[in-house]
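Remarks on the structure that follows.
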């Protein structure tokens, strides 16, 4: 599997502040998936990002496979951003010619409390 390190582990922000969550991987990822588990317990996929940068409103995710890292930046935080964020890395392992198996390694979670 792939070792996934996420930081910082927890953060409490004032509404309107911006922050960045970092994920580092032991090997280059095929792609990275960012999730939010909101206060209601629902898990929401925020981004699926093989490489480069994607933006959706106030959220920006960047993945640099060669540097084995990804980040999630949230600008102008709102109380609705509160929850647990985590990244997962998707990688493939060849089983036979022209075939591969998709596996996923989840990182540690990051809890955000926005007041």
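Could you check the range 23-37 and list, in sequence order, the residues that are exposed (fewer than 15 other Cβ atoms within 10 Å of the Cβ) and either touching a helix residue (DSSP H, G or I) at 6+ places or on another chain (Cβ under 8 Å) or free of Cβ contacts under 8 Å to residues at least 60 places away in the same chain (or both)?
Here is the first cut: in the range 23-37, the residues exposed (fewer than 15 other Cβ atoms within 10 Å of the Cβ) are 26-27.
Answer for the range 23-37, where residues must be exposed (fewer than 15 other Cβ atoms within 10 Å of the Cβ) and either touching a helix residue (DSSP H, G or I) at 6+ places or on another chain (Cβ under 8 Å) or free of Cβ contacts under 8 Å to residues at least 60 places away in the same chain (or both): just 26.
Here are some conditions: (1) under 14 Å from residue 11 (Cα atoms); (2) modelled with pLDDT of 90 or more. Residue 85 meets all but one. Which one does it not meet?
(2)
Under the condition of being more than 11 Å from the chain's Cα centre (by Cα) and without any contact (Cβ under 8 Å) to a residue 24 or more places away in the chain, which residue from the range 60-79 is surrounded by the most Cβ atoms within 10 Å (Cβ to Cβ)? If you could, list the steps in order and put the result at the bottom.
Filtering the range 60-79 down to residues more than 11 Å from the chain's Cα centre (by Cα) leaves 64-68, 74-79.
Keeping just the survivors that are without any contact (Cβ under 8 Å) to a residue 24 or more places away in the chain gives 64, 67.
Details: 64: 15, 67: 10.
Checked the range 60-79; the qualifying residue surrounded by the most Cβ atoms within 10 Å (Cβ to Cβ) is 64.
The values are calculated or read from the model by the stated rules, or taken from the named source; none is laboratory data. As the structure is a computational prediction, the values presented were derived from the model and not from experiment. Glycine gets a Cβ as well: all are built from the backbone with ideal geometry, and neighbour counts include every protein chain shown.
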